[in-house]
Amino acid sequence: MASILDLPSEQVPHFIQDRQAKPEWRDDERAWLAARGLQAIVMVLKLPLPTILEWLGTMNPGVHCIVMGMGSNGMPHAVVACGGSIVHDPAGNLGITGPMEGGHHVLTFVGLRSMANPATKPALVVDMSPIERHERIGLHFSGGKDSLALLYLLRSHWGRLTVYHADAGDLLPETREIVGAVEAMVPSFVRINTDSRAWRRANGLPSDIVPWSCTPMGRAFKGGGTVPLVDRFACCRASIWEPMYERARADGVTLEIIGTHATAA
């Protein structure tokens, strides 16, 4: 938990150890996170670990989460995963060798706490302390309202961060205008140019539903689909997410900030 919140370990209780692994440790964790405006989002998946990591890298690039399974010592163990791989093991190299009893892995994300009654939602309080602990900071800017709101929220920190924008060549005119205005306004702006149209011509059209006959293997068989299709995230991953991640990593960025609305978080 300390690792994904970017906090010193001594500032976060050892919930499981303090409760001697009793189920009540989750209550302690919920109360501790709630006091900070946060909540744990827990998922139980009956999938192999490599599949889970691949899914995390595709669906949640740049997002850290806790993955719990069975360690090499035969006991339940938790590690931190991000970008399709395990990035931190608190026990060194104990690792996860398989699922928990019952054949499942447990994933824990941390997000902002939701309110049952929006009318009672308190004033926005933003913890800026992670920014103070990093030298190289990147802000992902799409040109949309969420990233624009985030940019203005961090206005007092513009001198310490780099704004990254991936231009896939298909921006709407009004979005391109906003991106240009931001580029002229902030001290450090990096534009990453890609070509989503060329990628789609070479690889296929994104689709929510991809019939087997329209995949590369299916089209190789007689009677396969005539229109190549790929999953809905493949083009964004290749044209936006991966180029931005690789450029930020090459620049030595250690903290990446992304804006999104609550219903998509």
Tell me whether the range 60-74 contains one or more residues that are part of a helix (DSSP H, G or I), modelled with pLDDT of 85 or more and loosely packed, with under 13 Cβ neighbours inside 10 Å.
no
Residue tally, condition modelled with pLDDT of 90 or more and crowded, with 17+ Cβ neighbours inside 10 Å, over the range 196-233
3
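Determine whether P118 is modelled with pLDDT under 85 and open to solvent by 80 Å² or more (accessible area, probe 1.4 Å).
yes
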Tally of residues being open to solvent by 10 Å² or more (accessible area, probe 1.4 Å) and either polar (S, T, N, Q) or in contact (Cβ under 8 Å) with a residue 12 or more places away in the chain (or both) across the range 146-160
10
If you go through E183, E135, the only one that is in a helix (DSSP H, G or I), touching a residue at least 12 places away in the same chain (Cβ under 8 Å) and within 20 Å of M244 (Cβ to Cβ) is E183
Tabulated pairs, the range 46-73, first over 22 Å from N93 (Cα atoms), second part of a loop (DSSP other than H, G, I, E, B) and modelled with pLDDT of 90 or more, C-beta under 7 angstrom, 6+ apart or interchain
K46/H104
Take the residues in the range 167-180 that are open to solvent by less than 90 Å² (accessible area, probe 1.4 Å) and part of a loop (DSSP other than H, G, I, E, B); name whichever of them is nearest to C235 (Cα to Cα).
A168
Does the range 225-232 include one or more residues that are over 27 Å from L151 (Cα atoms), hydroxyl-bearing (S, T, Y) and free of Cβ contacts under 8 Å to residues at least 60 places away in the same chain?
yes
Looking at (1) at pLDDT 85 or above; (2) among the hydrophobic types (A, V, I, L, M, F, W, C); (3) open to solvent by 50 Å² or more (accessible area, probe 1.4 Å); (4) touching a helix residue (DSSP H, G or I) at 6+ places or on another chain (Cβ under 7 Å), which is the one condition that is false for A40?
(3)
How many of the residues making up the range 43-52 are assigned to a helix (DSSP H, G or I) and surrounded by fewer than 19 Cβ atoms within 10 Å (Cβ to Cβ)?
2
Selection within the range 75-88 - outside any loop (DSSP other than H, G, I, E, B) and touching a residue at least 40 places away in the same chain (Cβ under 8 Å):
V80, H88
Would the range 89-99 turn up any residue that is open to solvent by less than 50 Å² (accessible area, probe 1.4 Å), in a strand (DSSP E or B), in contact with a strand residue (DSSP E or B) (Cβ under 8 Å, 6 or more places away or on another chain) and more than 30 Å from C235 (Cα to Cα)?
yes
Go through the range 186-213 and count every residue that is free of Cβ contacts under 8 Å to residues at least 40 places away in the same chain and more than 19 Å from G259 (Cα to Cα).
18
Test set (1) at pLDDT below 90; (2) closer than 30 Å to M75 by Cα - L107 fails condition number
(1)
Options L33, L7; residue that is open to solvent by less than 80 Å² (accessible area, probe 1.4 Å) and touching a residue at least 60 places away in the same chain (Cβ under 8 Å):
L33
Just need a number here: residues in the range 199-215 that are out of contact with any Gly (no Cβ under 8 Å at 6 or more places or on another chain), not in a loop (DSSP other than H, G, I, E, B) and not charged (D, E, K, R).
6
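The values are calculated or read from the model by the stated rules, or taken from the named source; none is laboratory data. Being a predicted model, the structure only gives us computed values, none of them experimental. FYI the Cβ positions are ideal-geometry reconstructions off the backbone, even for glycines, and counts take in every protein chain you see. Accessible surface is based on the protein model in full, side chains and every heavy atom, while ligands, DNA and RNA are left aside. Shrake-Rupley method; radii C 1.70, N 1.55, O 1.52, S 1.80 Å.
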